[in-house]
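Taking it in order: structure first as structure tokens, then the write-up.
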Amino acid sequence: MSAAQDGGETSTHSDTPELTAPDISPYRKGNSDIPYVTTWESGQPGPHVMVCALTHGNEISGAIALDHLFHNDIRPVQGRLSLVLANPTAFGLFDPKNPYRSRFVDEDMNRLWNAQTLSQDIRNVERLRVQALRPLVDSVDLLLDLHSMQSGNRPLFLCGPSEKGRRLARSLNMDATIVADMGHANGTRMRDYGRFNTPGDSRNSLLAECGPHWHPGTAKIAIQTTYRFLHAAGSIASETAAPHVGSGKVSDRWVEVTDRFIPKTETAAFDEPFIGLETIPTAGTTFAREGGQDFTTPYDDCVLIMPARHLAKGQTAVRLGRWRAFPGPHDA
């Protein structure tokens, strides 16, 4: 197989954390009825903007970004700003010697954000936390959910399938790959919750995969993304954002995700150790095998998005997409 990797990057992923988890205990009380939630009111008209970290308890770069906002006394100049540490219970289990263990306590918190799931009579750590956060999220106009990923170095902005999501992602003017995807088959992400995913509705959201778990550069990208998002939302002024945003770059293309490979057994394996954003030039090329069956690319120049390092039954192993061009320098 001949596959080109976008940007010519190679994986530097390590399972040994090079980041130190921040102390989030000062933010437990917050200023609301919900632990680890702080909302600042500007007193001026404007959107309710929310920045969320620790949707997965071991993805600590987002918590570092929120800690940065707290230490710099960031306040909104219009509307409201909510800072949310989503799964502090899972984060409390974080152990650098076994960093994957604290992704969640009972089940993945980022697969629970739909009414049908939440109506089920199941009580556990993640479901109770989602129920507690739900009224707040229902009031949010613009959401940034900060994550990190298993492999690949280049940040990804997952913006959902609608044009408004691509427009929001592009407005950050950041050197990241914009990915229009349809979420996961086994549950709904916060990014896709309710009206965030409704075309024509003004509410909008972005999930930022800031880089490989526990790499120092990932925390820097999380901080830059957060300040760029807050500036694009009108929550902070240019002079407040400027010291923290790095250099900008308007994206001229995006990836449209069309397919997913979801293993049905524990025997699935990729043909190569993919790290993400590889472009496979020829349709019909085998990229994975399972139980004697070959899985092949559906079209030429197929892009692999976020291939898992450990393939698991019933979970998305990789997304398949194609490059699309934005129509102009400032149109999404």
### Footprinting exposure proxy for Leu320, Leu54, Leu118, Leu168 (fewest neighbouring C-beta atoms within 10 Å first)
Leu118, Leu320, Leu168, Leu54
### Query
What are the DSSP H helices in the chain that stretch 18 Å or more along their long axis, judged by alpha-carbon atoms, and whose average Kyte-Doolittle hydropathy comes to at least -0.5?
125-138, 216-232
### Lysine-lysine proximity count for the chain, Cα under 28 Å, sequence distance 8 or more or distinct chains
7
### Task
Count neighbours as other Cβ atoms within 10 Å of each site's Cβ, and list the trypsin sites (Lys or Arg not before Pro) in the range 225-284 that are DSSP loop with at most 12 such neighbours.
Lys249, Lys264
### Summary
Taking a crude spin-label model, label points 7 Å out from Cα along the C-beta direction, the Ser202 to Arg123 distance in nm is 3.9 nm
### Query
Does the range 30-189 come out rounded, prolate or oblate, given a ≥ b ≥ c as the square roots of the eigenvalues of its C-alpha gyration tensor, rounded meaning a/c under 1.5 and, failing that, prolate meaning a/b above b/c?
rounded
### Query
Between Lys313 and Arg75, what length in nm is gained on full extension when 0.36 nm per residue of separation is reduced by their alpha carbon distance?
81.3 nm
### Query
Based on the Cβ-Cβ distance from Asn114 to Glu239, what FRET efficiency comes out when R0 is 45 Å, to the nearest 0.05?
0.65
#### Entry: CD proxy at 222 nm, helix term only [per DSSP H run n ≥ 4: -39500 (n - 2.57); per residue of the chain; nearest 500]
-5500 deg cm²/dmol
### Task
Distance between Cα centroids, the range 132-158 to the range 73-127: provide it in whole Å.
11 Å
### Message
Under the rule that an exposed site lies in a DSSP loop and has at most 16 other Cβ atoms within 10 Å, name the longest stretch of the chain with no GluC sites (Glu not before Pro) of that kind, not counting the sites themselves.
### Response
108-265
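Here, each number is a calculation from the coordinates, and none is a lab measurement. All values derive from a computational prediction rather than experimental measurement. Note that we place each Cβ from the backbone using ideal geometry, even for glycine, and neighbour counts take in every protein chain shown.
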